[in-house]
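Undergrad: My structure is below; once you've seen it, I'll send some questions.
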Amino acid sequence: MTRAARLALASAGAAIAGLVIAMIAGGAAFPRIIPGLPDAGVLTRWGLPLSKLGMDLAGVLTVGLLAMAAILLPGDKGVLGKSATGYVRAASWTGLAWSVTAFSTLVFGMSDTAAVPVSEVLLNGAYLNSYATQTEQGVALTLVVLFGLAIALFARSSITAGAALGLLAFSVVTLLPPTLTGHASSSPNHGLATDAVSLHVVTLALWVGGLVVLALHAVRGAPQLDIAAARFSRLALWCYVGVGVSGVFSVLARLTSLSDLWTSAYGVLVVAKAIAFVLLGYAGWWHRERTITALAKGAPGAFTRLAGGEALLMVATVGLAVALSRTEPPPASIPADRAFELLGYPVPPPISAANILSLWWLDLFFAVVAAVLGGLYAAGVVRLRRRGDSWPWGRTASWFAGVAILVVATQSGLARYAKVMFDVHMIEHMTLSMIVPILLVLGGPVTLALRALKPAARRGDRGPREWLTTILHSRFARVLGHPVVATAIFISSTYALYFTPLFGEAMQEHLGHLWMTSHFLISGSLFFWVIIGVDPAPHRLPYVGKLLTLFVTMPFHAFFGVALMMTGSVIATVYYDQLGRTWGGPLLEEQQNGGAIAWGFGEIPTLMVLLAIAVQWYRDEDRKARRDDRKADRGGGNQELDTYNAYLARLNRADRAADRAADRAADKGE
């Protein structure tokens with residue numbers, strides 16, 4: 001048996017051992033059976049967690065294989081190397097296994113939910129059909145089945161780094177549906193729990209999957225191990241931070257007190273997982289300090305041994321995580337309040353300036369977005385300064401002003417009241433779709449990244465800078481960056497959201513609200529990138545065209561506001577009625593106020609854009625004049641001025657010829 005096969009078997013054994021021990025310790029292995037109540041049986045009791053473990057391991061391996069091919073191993077001008085191509089082909093098989101184990105989990109999940117034996121579920125197709133199409137857990141698993149099959153099919157013919165990266169992104173998305181329908185969705189603070197567990201799963205999959213495949217690469221003695229290990233070390237550091245931060249917030253969202261860590265089975269498993277996390281962090285530190293250095297010197301033995309041991313610990317932790325998902329969190333005292341179920345917090349008190357400034361609420365998703373945006377931009381500016389390059393202070397100020405307003409709009413009391421009052425929601429909408437994007441695009445983040453990032457060390461390889469350049473020149477960017485497309489998205493999405501049932505559906509779910517808020521930010525950034533962006537763009541409008549696009553677009557927002565002011569029925573009335581708010585004005589009046597806000601709010605961004613266009617136009621003309629002056633000083637002349645002077649000279653010669661002809665005609669007449 002090869003070393004790779006032994007590592008695979010040992011990893012599977014470690015994962016199963018971790019699952020079994022954790023289930024026994026947590027009490028899920030031998031639950032109390034009450035006589036007279038239906039029970040799915042021992043097969044389902046163990047088959048469900050084992051199937052879920054297989055599904056999670058297949059997903060993690062798929063992510064790891066694709067990350068190895070797209071990110072960790074060097075390519076050649078966008079084409080995968082031999083080893084990377086092999087890993088993509090292997091991802092095709094793990095994708096198929098992911099789909100099969102997800103279907104197995106679907107069957108056992110139906111058996112567990114209905115408390116009927118597996119044989120009855122398999123014989124009665126109505127059971128499985130109803131579970132797969134009418135329950136959140138069933139729909140999530142059905143998506144995994146379909147997405148896993150898609151990954152398996154597309155990975156068979158992928159040979160480019162771009163295709164591998166696209167499959168990697170798709171596999172990360174495939175991880176999320178089962179996660180978002182577990183304990184997180186029923187936690188008291190379900191918004192925080194959902195965001196935390198999503199970040200946790202994504203970063204953990206990249207970390208665990210990347211290390212397992214890297215260890216496999218090492219025991220096979222495959223080439224370019226030193227490059228892949230160095231790149232994974234940098235990726236693992238960010239994943240470690242993401243796993244730690246998300247794990248802390250996930251625990252905070254589920255536990256009701258600190259004593260739950262040692263008085264409940266769920267808390268004990270959390271502590272065990274935290275210990276494993278610390279051990280993995282120590283192993284990662286040892287890699288960075290010792291084994292990668294030895295690997296660079298041509299001594300891979302220490303790295304291979306430590307990586308293999310770390311991989312075993314990681315997959316055992318995955319088994320522990322599966323057992324944790326089968327263990328009920330400590331019971332929490334949740335108010336019997338529909339508003340609390342929808343919002344994650346009670347309806348706030350009557351709105352006031354003091355409440356808006358004091359009632360802050362952590363939205364982990366946008367907190368992470370703001371931290372990443374601010375941190376990466378600051379790192380780019382610092383890198384330029386350290387090497388002696390300059391960066392305009394105005395761009396830096398604009399960027400961080402945009403990030404600060406993003407934080408206020410998504411974390412302060414404004415965000416709380418935006419979920420219960422339509423007019424406040426409209427203030428948040430207009431701020432995120434107009435004010436924040438204008439400030440962000442004027443910060444020139446892409447230009448900063450292109451200047452701060454170093455080119456790939458190997459010719460033909462793709463580092464972050466090369467990936468960014470490839471995306472800018474892609475067909476996808478050319479289509480989205482076209483002024484007509486960007487303008488159409490910016491205008492039509494607003495009408496489609498509020499004048500269809502989409503708004504009411506989005507407000508009902510935390511994920512729907514995240515999608516809606518993200519769309520405001522992205523669509524606004526795309527539109528203003530086309531109009532006033534200082535970054536490279538696939539299509540460049542002349543300044544007159546920018547003004548025309550602005551003046552054509554803004555009236556549509558005014559018309560939208562007028563349409564809201566004239567509506568006679570409440571939008572998303574089912575959602576607002578469920579909140580049971582006892583203060584404030586009538587819903588229709590608030591909606592009409594929101595329309596007035598949308599109508600009048602457009603003047604602020606319009607003025608900001610006009611000022612930006614005027615400044616950019618003036619600076620562009622000034623640069624052209626100075627460039628022409630320098631060319632003239634060098635003796636090269638000014639082409640435009642020379643052309644104009646030649647034109648005047650031709651006119652002068654024509655006038656003189658006409659005068660001479662007139663004189664000759666007069667002489668003949670005499």
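Undergrad: Specify the residue that is modelled with the lowest pLDDT; the eligible residues are those in region 616-652 that are part of a helix (DSSP H, G or I) and open to solvent by less than 70 Å² (accessible area, probe 1.4 Å).
TA: Taking the candidates together, the pick is ALA632.
Undergrad: Related question: Mind checking which residues of region 438-465 are in contact with a Pro (Cβ under 9 Å, 6 or more places away or on another chain) and open to solvent by less than 40 Å² (accessible area, probe 1.4 Å)?
TA: ILE438, GLY444, VAL446, THR447, ALA449, LEU450, ALA456, GLY460, ASP461, GLY463
Undergrad: Looking only at residues in region 176-191 that are open to solvent by 20 Å² or more (accessible area, probe 1.4 Å) and touching a Gly at 6+ places or on another chain (Cβ under 8 Å), which one is modelled with the lowest pLDDT? Give the steps one after another, and end with the answer.
TA: Step one: filter region 176-191 for residues open to solvent by 20 Å² or more (accessible area, probe 1.4 Å), giving 176-183, 185-186, 188-190.
Applying the additional criterion that residues be touching a Gly at 6+ places or on another chain (Cβ under 8 Å) yields 188-190.
Numbers: PRO188: 56, ASN189: 65, HIS190: 68.
Out of the qualifying residues, it is PRO188.
Undergrad: With the requirement that a residue be more than 15 Å from SER474 (Cα to Cα) and open to solvent by 40 Å² or more (accessible area, probe 1.4 Å), what does region 522-540 give you?
TA: Across region 522-540, the qualifying residues are ILE522, TRP529, VAL534, ARG540.
Undergrad: Looking at the structure I just gave you, is VAL552 farther than 30 Å from PHE340 by Cα, open to solvent by 50 Å² or more (accessible area, probe 1.4 Å) and either of a type in the set (A, V, I, L, M, F, W, C) or touching a strand residue (DSSP E or B) at 6+ places or on another chain (Cβ under 8 Å) (or both)?
TA: Yes: the conditions hold for VAL552.
Undergrad: Also, I was wondering about something else. If you check LEU511 against the conditions, is it surrounded by 14 or more Cβ atoms within 10 Å (Cβ to Cβ) and either acidic (Asp, Glu) or over 19 Å from LEU406 (Cα atoms) (or both)?
TA: Spelling it out, it is not the case that LEU511 is surrounded by 14 or more Cβ atoms within 10 Å (Cβ to Cβ) and either acidic (Asp, Glu) or over 19 Å from LEU406 (Cα atoms) (or both).
This table checks each residue for (1) farther than 16 Å from LEU73 by Cα; (2) open to solvent by 40 Å² or more (accessible area, probe 1.4 Å); (3) in a loop (DSSP other than H, G, I, E, B).
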{"position": "SER158", "(1), (2), (3)": "no, no, yes"}
{"position": "ALA163", "(1), (2), (3)": "no, no, no"}
{"position": "ALA169", "(1), (2), (3)": "yes, yes, no"}
{"position": "VAL172", "(1), (2), (3)": "yes, no, no"}
{"position": "LEU216", "(1), (2), (3)": "no, yes, no"}
{"position": "GLY221", "(1), (2), (3)": "no, yes, yes"}
{"position": "TRP238", "(1), (2), (3)": "yes, yes, no"}
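Undergrad: For region 223-236, which residues satisfy the criterion of being in contact (Cβ under 8 Å) with a residue 24 or more places away in the chain, open to solvent by 60 Å² or more (accessible area, probe 1.4 Å) and in a helix (DSSP H, G or I)?
TA: ASP226
Undergrad: Another one. Tell me the residue from VAL107, VAL173, VAL118 that is without any contact (Cβ under 8 Å) to a residue 60 or more places away in the chain and farther than 26 Å from PHE476 by Cβ, please.
TA: Step by step, each of VAL107, VAL173, VAL118 is checked, and only VAL107 is without any contact (Cβ under 8 Å) to a residue 60 or more places away in the chain and farther than 26 Å from PHE476 by Cβ.
Undergrad: Look through GLY26, GLY41 and report the one residue that is out of contact with any Gly (no Cβ under 8 Å at 6 or more places or on another chain), open to solvent by less than 40 Å² (accessible area, probe 1.4 Å) and at pLDDT 70 or above.
TA: GLY41
The values are calculated or read from the model by the stated rules, or taken from the named source; none is laboratory data. Note that this is a predicted model, so its numbers are computed, not measured. Ideal geometry is used to build each Cβ from the backbone, glycine not excepted, and the neighbour counts take in all protein chains shown. The protein model used for the area step is the full one, side chains on, heavy atoms only, and it has no ligands, DNA or RNA in it. Shrake-Rupley method; radii C 1.70, N 1.55, O 1.52, S 1.80 Å.
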